[in-house]
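J.: Just dropping this structure here.
Read-outs throughout are calculated quantities, based only on the coordinates presented, and are distinct from any laboratory measurement. Remember, it's a predicted structure, so these values are computed and weren't measured experimentally. Cβ coordinates were reconstructed from backbone atoms using ideal geometry, including for glycine residues, and neighbour counts include every protein chain displayed.
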Amino acid sequence: MGVMQGLERRSDSELGQEMHQFAAELYPICRSITGNGIRQTLARIQERIPLQVSEVPTGTQVFDWTVPKEWNIRDAYVKDPSGKRVVDFQESNLHVLNYSTPVHAIVPLSDLKPHLFTLPEHPDWVPYRTSYYKEDWGFCLSHNQMLALEDGDYEVCIDSTREAGHLTYGECYLGGRSSDEILISCHACHPSLANDNISGLTVATFLAQELSERDLRYSYRFLFIPGTIGAITWLAGNHEIAERIRHGLVLTGIGDAGAFHYKKSRRGNAEIDQAAAHVLRHYSKSAEILEFSPYGYDERQYCSPGFNLPVGCLMRSVWGTFPEYHTSADNLDFIHAAQLAESLRVCATVVDVLEDNRRYRNLSPFCEPQLGKHGLYRSTGGDSIGAEINARLWVLNFSDGEHSLLDIAERSGIPFLLIRDAANLLSEKGLLCVASEDYAECDGRAQ
Ligand SMILES: [Zn+2]
């Protein structure tokens, strides 16, 4: 049974609401690239899917990078001269410059201001800022909040630690018939930001949950990792596994109301590029396909030239192109139940395509077989052949051991699932068989 059929037992509104609710559970946690926030996040995910959590010590060399000190925070505030908390971490974790070193001091407003970050163009929003690799402290607040600060002495307190510890990531492995792997990767390092981070975590978690109930051709590896340093750390420790990755997707920013965007892998013509583009063309409205560029999310690491893995990035609105990006406006109202459910279905359809994409061989290649004799043609003549019969003719003609079902779907303009159904039926009727190379690679192994 295909993934879509499994998901179809549930309505979009039911599924979307459950996904949004899960996003709301993750939203308040103060995550960063290390620390207890990411551990708490992984613990929530672990309630739904099998997850192996790894801890990599501070100072570990990972290619050109070093695993940083671990950051944790309990509280932070700025108190005005009357003792009132005017900036309060307890209200929103975005108020602290992520990775701030600890501080507790009384400072005049003029000394405080260089440590304050605002967004003058959106004076009611709080920006999200980080300082992972430079030791610094700071607060983020709305521009209007800052304008209201009067001269005087302010008490600043950041009750944080930045010391030797670990980098934490989670890995969900689902074994299939083949040891060849499909990688699904998402970042888990942003604090209260809904689309950038939590939407990807949510869709990946629900997809893993769905796939865990399936008989799978490929093995699947879901990574829940801190952005950049997490992907680099994982790749540094898993060279051999990386060689088994046949297809991969980075999921990010897929809960907002924008149209889908798929950024191709560095290879540009990998099967995942073909599959994602096909699914978006046939199963979603106004999607856009973007060429690879060495900037963005963790596809940058997977597609670094030494690895050059076939990993693309699936998003809705593209990071950095919408004003809510990296601000307090990327909140739970910015992502929607319907879009989360639709994103899950699109991912599941891409998985269906990859699972079922094979090359076949026509066992009756000299002229067309007489379809009617095999019960594969309409019984009475008419003006046009139906879509199903058309799909059968395409599959028969191009099943030469060279063209995959996805190639045939692309060339014919027929949706993949219709082509696949035609191939299944023709196989049942003895007119088609899986090309021997594909059988050995995908279906014959470990059975
Ligand atoms: Zn981000």
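J.: How would Thr349, Thr327, Thr321 line up from fewest to most surrounding beta-carbon atoms within 10 angstrom?
T.: Thr321, Thr327, Thr349
J.: Which of the lysines could a cross-linker bridge to Lys264, judged by Cα under 19 Å and excluding same-chain residues fewer than eight apart?
T.: Reachable lysines: Lys285.
J.: Taking the Cα centre of each part, how many Å lie between region 210-245 and region 343-410?
T.: 32 Å
J.: Would you kindly derive the ³J(HN,Hα) couplings of region 400-411 from the backbone phi angles with the Karplus curve 6.51 cos²θ - 1.76 cosθ + 1.60 (θ = phi - 60°), listing them in order in whole Hz, with x for Gly and Pro?
T.: 10, x, 9, 8, 7, 4, 5, 4, 5, 4, 5, 5
J.: Next question. Using the structure shown, list the pairs from Lys134/Lys263; Lys113/Lys134; Lys69/Lys134; Lys79/Lys113; Lys69/Lys113 with a Cα-Cα distance above 21 Å, or answer none.
T.: Violating the 21 Å limit, Cα to Cα: Lys134/Lys263; Lys69/Lys113.
J.: Sticking with this structure for a sec: Over what distance in Å are the Cα centres of region 125-158 and region 1-62 separated?
T.: Cα centroid of region 125-158 versus Cα centroid of region 1-62: 30 Å apart.
J.: Considering amide H positions built from the backbone, and no H for Pro or chain starts, which residues 5 or more places from Leu167, or on another chain, come under 5 Å of its amide H?
T.: Val56, Thr58
J.: Helix-only estimate, please: 222 nm mean residue ellipticity of the chain, summing -39500 (n - 2.57) across DSSP H runs of length 4 or more and dividing by its residues, to the nearest 500.
T.: Per the formula, -9000 deg cm²/dmol.
J.: Have a look at region 209-353 and give its Rg and Dmax from the Cα atoms, expressed in angstrom.
T.: Looking at region 209-353, its Cα Rg and Dmax stand at 15.1, 42 Å.
J.: Quick one: compute the contact order of region 81-225, relative version, from alpha carbon pairs under 8 angstrom and 6+ residues apart, as a percent.
T.: That works out to 26 percent.
J.: If each residue's Cβ is checked for other Cβ atoms within 10 Å, how do Lys264, Lys113 rank with the fewest at the top?
T.: Arranged by neighbour count, lowest to highest, Lys264, Lys113 become Lys113, Lys264.
J.: Treating the beta-carbon of each Lys and Arg as +1 and of each Asp and Glu as -1, no other charges, what is the dipole magnitude of the chain about its Cα centre, to the nearest 20 debye?
T.: So the dipole magnitude of the chain works out to roughly 960 debye.
J.: Report the paramagnetic label zone for His122: residues of region 137-163 whose backbone N is under 16 Å from a point 7 Å from Cα along the Cα-to-Cβ axis.
T.: Only 140-145 fall inside the zone, counting backbone N under 16 Å.
J.: From the convex hull of the Cα coordinates of the chain, what is the mean projected area in square nanometres?
T.: 23.7 nm²
J.: Counting other beta carbons within 10 Å of each residue's own, what order do Cys347, Cys367 fall into, fewest first?
T.: Ascending Cβ contact count within 10 Å gives the list Cys367, Cys347.
J.: Please identify every one of the GluC sites (Glu not before Pro) in region 103-211 that sits in a loop by DSSP and has no more than 16 other beta carbons within 10 Å of its own beta carbon.
T.: Glu121, Glu135, Glu150
J.: Let me ask something else about it. Tell me, which longest segment in the chain has none of the chymotrypsin sites (Phe, Trp or Tyr not before Pro) that fall in DSSP loops with at most 12 further Cβ atoms within 10 Å?
T.: My reading of the result: 134-294 is the longest stretch.
J.: A further question follows. Take the Cα atoms of region 287-365, build their convex hull, and give its volume per residue in Å³.
T.: Once divided by residue count, the hull of region 287-365 is 163 Å³.
J.: Okay, next question. If the only charges are +1 at each Lys and Arg Cβ and -1 at each Asp and Glu Cβ, what is the size of the charge dipole of region 266-415 around the Cα centre, to the nearest 20 debye?
T.: Here the size comes out at about 440 debye.
J.: Give me the lysines in straight-line cross-link reach of Lys429: C-alpha distance below 20 Å, same-chain residues under 8 apart excluded.
T.: Hits, sequence-local ones excluded: Lys373.
J.: Given the options Thr327, Ala341, Leu405, identify the residue whose Cα lies farthest towards the positive end of the charge dipole of the chain (+1 on Cβ of Lys, Arg; -1 on Cβ of Asp, Glu).
T.: After comparing all options, I get Leu405.
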